[in-house]
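The structure appears below as structure tokens.
Every number in this text was worked out from the coordinates using simple rules, so none of it is lab data. On a predicted model such as this, the values are computed, not experimentally measured, just so you know. Because the Cβ atoms are built from the backbone with ideal geometry, glycine has one as well, and the counts that use them run over all protein chains shown.
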Amino acid sequence: MSSSAAPTTPAAPAAGPAGVPHRRRWFVLATVALAQLMVVLDATIVNIAMPSAQAELGFSDNDRQWIVTAYALAFGSLLLLGGRLSDMFGRRRMFLIGLVGFAVSSALGGAAGTFELLVAARALQGVFGAVLAPAALSVLTTTFTVPKERARAFGIFGAIAGMGGAIGLLLGGYLTENFDWRWNLYVNVVIAAVALVAGAVLLPRAGGAAGHRLDVPGVVLGSAGLFALVFGFSQAEPQGWDSPLTWAPLAASLVLLVAFVVRQRTAPNAVLPLEVVVDRDRGASFLAILVAGSGMFGVFLFLTYYLQTTLGYTPMRTGVAFLPMVLSIIVTAQIQSNLLIPRFGPKVLVPIGMLLAAVAMLTFTRLELDSTYATHVLPGLILMGVGMASIMPASFQLATLGVEPRLAGAASALVSTSQQVGGAIGTALLNTLAATAAAAYLTDHAPVTPEVAAEAALHSFDTAYAWSAVIFAGGAVVAAVLFRTRADRQARAAAAPAPLGAPAEAPVAAH
């Protein structure tokens, strides 16, 4: 990779290539970060409100999964389309449309009087989230082109991606206990309103760069393939892996996604131009984000259950318990982005982050029914925060580095798709493994007493933590193998100058 695409001078530029004055870039970052936080925390904030919503609306335990699944299905399956629309019609326009749509759908969900309306609103949230997330990241990609500033901006953005789920648990606990479960949805209206005003004022007016054409067959194949993939994994836990509702969508997704790739090789206006994916560093970044999304659900999901059902924490106290992880992500992400990524690069830092996260998961396997928070839970949370902050900023930065501005939306969409699909896969795998472990434990320790049931739950959590550790360890190997070395990156940059108009690349060196 090269840093010579945009020559630098001693003086700071008055405006970047995206037309954003230097002094306003950080306000742009704050705006898109706020929007990204809203989208990410919405994946977990509703979980805390679920029991209260279920009591009021009267839906069954079997139906409650659809409040989460509806959002994930719409969001995950439409991200590639959202990224392409951002390239076609302009990042600012799609960013503002996404904000308005997300706010309206959140208000509808908050006011829902029936289960069906709540699920429909959650699906609509996912639709506009798929528009908003790629637009936000592509705004960041084209705004920050000076290497040092870019590293700092992506450090902040990556930290938000890593800690959004934990913030969702904290905010969800506070709103549920002190107001009403509906405020877990209404709060998005407040956040979106602030981001909308800031975005309308700060973001530069610019049209699309890819022409007003859309590869409709590619959109259908890609969206249907991702929908089938997320749906299949979402059915693994309630239906079982041998159910047609699980394996049939997964098989269909394989066929559809292969057809999608074949289509993208020949389509004149591809939804996902393959040059975005085939670069080795970017491919490694997408895989790292997917692995991190899969493994971290072992913390957010099962540690939440442990704190509430085993240790008896309230929703609010559970959210507060995750604060040290959030703080460690914030601090570590800034250290990584400003000091360590320029010096060591993703080939060193991302595998280290994966291994730290794996060790954190292994510490959670030692939790007992009477474990204390400070001694047994806190160290693992801090270690997990350091690990996630070592994975996310470097991966987010490299995933969009060197992409032509006209393709920034597609690259940004693939980042969000990797995170969303990773989360869906991780949830399904870990839920199924945990449920199987609990059932086996109860069978082996009959008759079932309250003590045996509590131990079975703990055993199921341990199983999920252990498999999360395996996922992260595998991710460490993949990242160490795939990311380029510093010498390789410099040689390629010297042989092939950056495309005209491409943003300058940050010095993400690697040993």
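Summary of values
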read-out	value
Whole-number Å³ per residue for the convex hull built on Cα positions in the chain	138 Å³
Gained length - TRP241 relative to VAL255, 0.36 nm times residue gap less alpha-carbon distance	3.2 nm
Computed FRET value (nearest 0.05) for LEU117 with THR485, which takes r as the C-beta separation and R₀ as 51 Å	0.40
Student exercise, the chain dipole from Lys, Arg, Asp, Glu Cβ charges, in Debye to nearest 20	2360 debye
Degrees, to the nearest 10: 486-495 long Cα axis against longest axis of the chain	40 degrees
Distance between region 64-84 and region 150-182 - C-alpha centres, whole angstrom	19 Å
Neighbour-count ranking [beta-carbon atoms within 10 angstrom, fewest first] of SER337, SER390	SER337, SER390
Tilt relative to the chain, helix 183-202 - C-alpha long axis, 0 to 90 degrees, to 10	10 degrees
Degrees, to the nearest 10: 115-143 long Cα axis against longest axis of the chain	30 degrees
Ranked SER60, SER106, criterion: other C-beta atoms within 10 Å, fewest first	SER60, SER106
Ascending count of other beta-carbon atoms within 10 Å, so fewest first, for LYS148, LYS347	LYS148, LYS347
Radius of gyration and Dmax over the Cα atoms of region 309-377, both given in Å	15.4, 45
Helix-only mean residue ellipticity at 222 nm for the chain, each DSSP H run of n ≥ 4 adding -39500 (n - 2.57), per residue, nearest 500	-25000 deg cm²/dmol
Tensor-based shape of region 215-270 (alpha-carbon gyration tensor, a/c under 1.5 rounded, otherwise prolate or oblate)	prolate
Inter-probe distance in nm under a simple model that places probes 7 Å from Cα toward Cβ, at VAL470 and ALA30	4.6 nm
Modelled FRET efficiency - R0 60 Å, ARG213 with LEU327, Cβ distances, 0.05 increments	0.80
Mean separation of Cα contacts under 8 Å, 6 or more apart, over the residue count of the chain: relative contact order %	25 percent
Positive-end residue, region 147-302 charge dipole about Cα centroid, Cβ charges, pick of GLY173, ALA153, VAL261	ALA153
Distance in nm between pseudo-label sites at LEU369 and ARG265 (7 Å out along the Cβ direction from Cα)	5.8 nm
Zone of GLU56's modelled label, taken as backbone nitrogen in region 169-205 under 16 Å from a point 7 Å along Cα→Cβ	172-189
